[in-house]
Amino acid sequence: MGLKRRPPEGNVRRVESKGTNYRGEIVNKAGRQVQYESRGAWALILRLDHDRDVLDYCSQPEQFEFTDRKGTLLTYVPALKTWTRDGTVEIITISSTTQLAQPDIRLREKAVRESCQTRGFRYIVHTERTLPQPTEEANLWALSAFRPTIYANQEVACAAFATLNGAGKVLLDSFAARTAQNLQLPKPQVTNALLHMLWHDQITTDLGRLLFFSGSLAPRVQIWSESEESE
Amino acid sequence: MTHSKEGAEFTDGMTLKPGYLVRWQGDTYRIVSIDPNDISVIQAESIARSDAVTLYLDELLAPSDDGAPTIFAATEKALRAEIERRQPPPEPAPLSGLRDNPLKKAAQIIFVVETVERFIAEWLRRCVRDGIKFHRTEALTEALKELNTMDQMREWDLAISRPGTYYDYLKRYNKHQGDLARIAASFRRSTLNQTGVPKAVLHFVDTIILRYGTRAKGQGPRLRPKSLYRMAEQKLKRTGRSLGGQAPAKGYNGQATSVVQGYWIDPEKCKGDIPENVKNELLDPKIPVDSILANPEKMCLLTPITLPKKTWFYAYLSWFRSQPGMGKALVDAQYGTGAWDRELAIWDTFVTQVTMPLQVVLADHCLLKIFVVDDDTRSRVDRLWLTVLIDAYTRCILGIVLLYESPCIESIMSALRHAIWPKNQELAREGIPQKWSCFGIPLLLSLDNAWAHHSITLENAARLIGQNGKYSSIQLHWRPPYKARYGALIERYLGNITGKIKELLPGAILSNDPEHVRNAAKEACLLYQDLYRVILQLIVDYQHTPHSELDNMTPDEKWREWVQQHGLPQVPPLAREVERLFWRLDPGTRVITNKGISAFGMHYWSPALAHAQRIDLNGKKTKYGFGYDPSDISRLGIYRNGEWVGDVESKELRRPDGSVRPVSLWERKMARDMAQDAGRVAQDWQDFIDEVSDLSRRRQAEKRMADKESKRKRPPRKPAADVQAIEQALTLIPTAESDERDTKSLVSFLN
């Protein structure tokens, strides 16, 4: 009998190698060990971790049963389960559009959806169209390096809120230089604090444009306050 | 919406009436009745399962999560037409280039399989409805009888009499997902269209198709056949100037034609894999062809080839594109496993996307090809495992560990511990003046699939090092198994450092030849600490050597460039609780008894245990986990539900002055062996632990005596020429320029 590692807490199974798939585990914002089994799942985890409305999420949450066309009883484990700020619980599956067109997969989707409906969960299917695109993924990945709270700086946060509120879009680099001068702080510390705020969605930027290029902050990265965006 | 007597009608033409069909959430229902008092309640039966269900109009009309709207239709035909209109089937493989016969055969297979499966499904429904037991074989036999009477089958003059033939059809249908072109292509012999085409020509054409003509949808544009052929012409003309480029010659069909000639790699001349670097250089317009042709090492791999005719090329391209997985299986079968991945460079997607230090750190182990001798007797030879962590962005070596043990939890944990904190004190202790400035917590640690890399100890350390979000936690990423190219960066460095060790140091194993191994064992004179110092020196030199892939910056310069912009990485202070993260967690649990906690044949105790819970609320004994440092098992960390409770010390190892005598796991193992050799039980190992120390002291004294003796006699060959050998080896370590040259040659060799 082959040896098997027990999965991380809250996971019903361990992720497996399927040739060359992306496979690993990450510690999420709630300190939970979350597994991923594909590049898409990894990119989605980055987005969920960045999203302020998502309070917590776990991987491989539970096993669903369904019957295929031949009448065989099969099991399926969705990729993720999320708990959001408004109390919604979501079960998330990641699949490709071509895979979703297969009859057995449709039966599976139907069974999972029904099960979710009866339990009051939302069932979401992400495909290559809805997952983070390469630029967003690269930006989220780079910004995730500034997630630790050690990068947070109260003075910089106050200055950012005070300056950016109503000021429209400003260049991150020049704003960091100005703030560093005003607060008598080293510029790297201010830049890191701003990137920390960007990750935690306290200030906003366009994630559709590359933030880091060849080891440096891209020259024309703009930031603005969230209220600015809602207006 | 307007109400009618029978049901409901919508403004866009949709109608709900008994007998009508509804397609909702991937299932099809037939409406049985509509409640006249409440039009929103619909009684229906599922077509697939024949069971009755109640549908609610508001659910049917609500937008679904997958974006597929509910479809209403009067007949099955209308429903199918509507489904196909809204969800067009995936684009089939191109049919051009396929002959009529295989296409006809494929059409027959599709017809037979789909008809029979429909018949069997209908049979199943009838069985369920009538409460009869369903037998597939019986259903299949009936289905085949029914099939053979159909006009279409008579028209084809085809009859399927045996279920076995049907299953063959079904297997082929499933394998090619019912795609007409793929099924038709599967009838071709594997050598079709390849007869008479030399391997070099085929390789050239495959390379061109893979590079410029094979991209899945959404992965960028792919060239049309005509442009692809022109591209092939241009690439070949470039390499064939000395052959006259374009010259009249005979084609493969023997007709005189204007053909393009040039040089390309002959796979038959290549020993092992086809060299990627030569292929890239031949295709790279920036590299002069003359320089490639002037290199005898490369020229001997090349052969003059002639580009095939357009018709052949188009037919081959069409066939290539009709292969499943865009020809991956074909290319891998023809040029070796991994050729597809190599060609499309999908192995290093992480490495090419890194934008900052510590974003991706790769770890790997390597058994060094050198013998070292033991400290005590200097006669027992052994080999060491080197574990290295390399940063993908700066190419800095982040941390290392050199151990006698084969890769295990200690290897990765110790290397990680070495990587996270600054190493300058260690360098100063070893007398190395240069700086090794990089350190920090890796954001993503790329590991191979060693058992230890899936350990709970590593998982816990990766999570807890973040200290609840204050610092970065470590993302563990496992590379695909049996695919070393995904760790090419680290493999290359390990190849580099082992090559240097082999070249410079006494005791190195030059090859697997038993003679070489024996000679290496005879010459071995370096101690563990000597080899460790040499490796440190080699790494520090590498850190300050220009790297061709960093625009000739050194890894250290690349690191400092980032540090100037973003400051030093933030790491937690190396306190006792942080050190405890790197201890090995034992998979077992223990309970607290009056003697304390038992482990390793000893009893551990601390005053904190007096207040620890012994019986839980269910009346059962409370179980505690424990962790330990393998280099000192005199102390354990006690955990309950993953939370640290306290540290406990061994009672048996306590000295009269109250301190605890440190004992490593290996010392314990040795003492157990000694106990068994002396005819005692292994549990008596503690009685022998003093003997281990005595033996060490005795051997050291003997060594000092032997050194004195050897100095006095000055024999022609010293038994332990360690110090001089190292000094000599260190002077031989190449300079920055020669190191770069070595690296380049090694990289080109590896490529």
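The values are calculated or read from the model by the stated rules, or taken from the named source; none is laboratory data. Every value quoted in this text rests on a predicted model; they were computed, and no experiment measured them. Note that each Cβ is placed from the backbone with ideal geometry, even for glycine, and that neighbours are counted across all protein chains shown.
With the structure loaded, tell me whether B:A462 is out of contact with any helix residue (DSSP H, G or I) (no Cβ under 7 Å at 6 or more places or on another chain), more than 9 Å from every other protein chain (Cβ to nearest Cβ) and crowded, with 22+ Cβ neighbours inside 10 Å or whether it fails that test. No, not satisfied.
For A:Q154, the conditions (1) closer than 30 Å to A:I203 by Cβ; (2) out of contact with any Lys or Arg (no Cβ under 9 Å at 6 or more places or on another chain); (3) in contact (Cβ under 8 Å) with a residue 40 or more places away in the chain are fulfilled apart from (3). Applying the set (1) out of contact with any helix residue (DSSP H, G or I) (no Cβ under 7 Å at 6 or more places or on another chain); (2) of a type outside the set (D, E); (3) within 13 Å of chain A (Cβ to nearest Cβ) to B:Q425 leaves exactly one unmet item: (3).
Out of the residues in the range A:199-216 that are among the hydrophobic types (A, V, I, L, M, F, W, C) and touching a His at 6+ places or on another chain (Cβ under 9 Å), state the one that is farthest from A:G168 (Cα to Cα).
Start the filter on the range A:199-216 by keeping residues that are among the hydrophobic types (A, V, I, L, M, F, W, C), which leaves A:199, A:203, A:207, A:210-213.
Cutting the leftovers down to touching a His at 6+ places or on another chain (Cβ under 9 Å) gives us A:199, A:207.
On the way: A:W199: 19, A:L207: 17 Å.
So, considering only residues that are among the hydrophobic types (A, V, I, L, M, F, W, C) and touching a His at 6+ places or on another chain (Cβ under 9 Å), the one farthest from A:G168 (Cα to Cα) is A:W199.
The requirement of being of a type outside the set (S, T, N, Q), touching a residue at least 40 places away in the same chain (Cβ under 8 Å) and in a loop (DSSP other than H, G, I, E, B) is satisfied by B:P569. Scanning the range A:175-190 for residues that are within 14 Å of chain B (Cβ to nearest Cβ) and in a helix (DSSP H, G or I) yields a count of 7. If we keep just the residues of the range A:52-74 that are surrounded by 12 or more Cβ atoms within 10 Å (Cβ to Cβ) and over 23 Å from the mean Cα position of the chain (by Cα), which is farthest from A:V27 (Cα to Cα)? The residue in question is A:R69. Listed conditions (1) without any contact (Cβ under 8 Å) to a residue 60 or more places away in the chain; (2) within 21 Å of the chain's Cα centre (by Cα) are all met by B:D382, apart from (2).
Among the residues of the range A:91-147, those that are more than 30 Å from A:T72 (Cα to Cα), more than 10 Å from every other protein chain (Cβ to nearest Cβ) and not in a loop (DSSP other than H, G, I, E, B) comprise A:T135, A:E136, A:L140, A:L143. Residues being within 19 Å of A:H126 (Cβ to Cβ) and within 9 Å of another protein chain (Cβ to nearest Cβ) are entirely absent from the range A:51-69.
Inside the range B:475-507, can you point out the residues that are within 21 Å of B:L443 (Cα to Cα) and either small (G, A, S) or out of contact with any Phe, Trp or Tyr (no Cβ under 7 Å at 6 or more places or on another chain) (or both)? Correct list: B:Q475, B:L476, B:H477, B:W478, B:G487, B:A488, B:L489, B:I490, B:E491, B:Y493.
So, of the residues in the range A:112-128 that are of a type outside the set (A, V, I, L, M) and farther than 14 Å from A:T82 by Cα, which turns out to be surrounded by the fewest Cβ atoms within 10 Å (Cβ to Cβ)?
First, pick out the residues of the range A:112-128 that are of a type outside the set (A, V, I, L, M): A:113-123, A:126-128.
Now restrict to residues that are farther than 14 Å from A:T82 by Cα: A:113-115, A:117-119, A:127-128.
On the way: A:R113: 22, A:E114: 15, A:S115: 16, A:Q117: 13, A:T118: 8, A:R119: 10, A:T127: 17, A:E128: 14.
Step by step, filter the range A:112-128, then rank; the result is A:T118.
Restricting the range A:148-174 to residues that are within 9 Å of chain B (Cβ to nearest Cβ) and among the β-branched types (V, I, T), which is surrounded by the fewest Cβ atoms within 10 Å (Cβ to Cβ)? Here the answer is A:T149.
Residues considered: B:E491, B:E426. Of these, the only one that is surrounded by fewer than 19 Cβ atoms within 10 Å (Cβ to Cβ) and over 23 Å from the mean Cα position of the chain (by Cα) is B:E426. Tell me which residues, restricted to the range A:164-194, are modelled with pLDDT of 95 or more and closer than 22 Å to A:P132 by Cβ. Residue satisfying the conditions is A:L194 alone. Filtered by the rule that a residue be within 16 Å of B:I412 (Cβ to Cβ) and among the basic types (K, R), the range B:464-492 gives a lone residue, B:R479.
Considering (1) modelled with pLDDT under 95; (2) more than 30 Å from A:I203 (Cα to Cα); (3) more than 8 Å from chain B (Cβ to nearest Cβ), the lone condition that A:P78 does not fulfil carries the number (1). Taking the range B:468-511, which residues are facing chain A (nearest Cβ under 9 Å), in a loop (DSSP other than H, G, I, E, B) and touching a Lys or Arg at 6+ places or on another chain (Cβ under 6 Å)? If the condition is that a residue be facing chain A (nearest Cβ under 9 Å), in a loop (DSSP other than H, G, I, E, B) and touching a Lys or Arg at 6+ places or on another chain (Cβ under 6 Å), then B:S473 is the only one that fits.
Look at the range B:166-189: where a residue is hydroxyl-bearing (S, T, Y) and a partner is part of a loop (DSSP other than H, G, I, E, B) and modelled with pLDDT of 85 or more, sitting 6+ places away or on another chain with Cβ atoms under 7 Å, you get B:Y166/B:I160. Pairing each residue of the range B:267-288 that is touching a residue at least 40 places away in the same chain (Cβ under 8 Å) with any residue that is in a helix (DSSP H, G or I) and of a type in the set (S, T, Y), provided the two are 6+ apart or on different chains, yields C-beta distances under 7 Å for B:I274/B:Y335; B:N277/B:S748; B:K279/B:T207; B:L282/B:T239.
Filter the range A:15-31 for residues that are more than 7 Å from every other protein chain (Cβ to nearest Cβ) and surrounded by fewer than 18 Cβ atoms within 10 Å (Cβ to Cβ) and give the result. Result: A:E16, A:K18, A:N21, A:A30.
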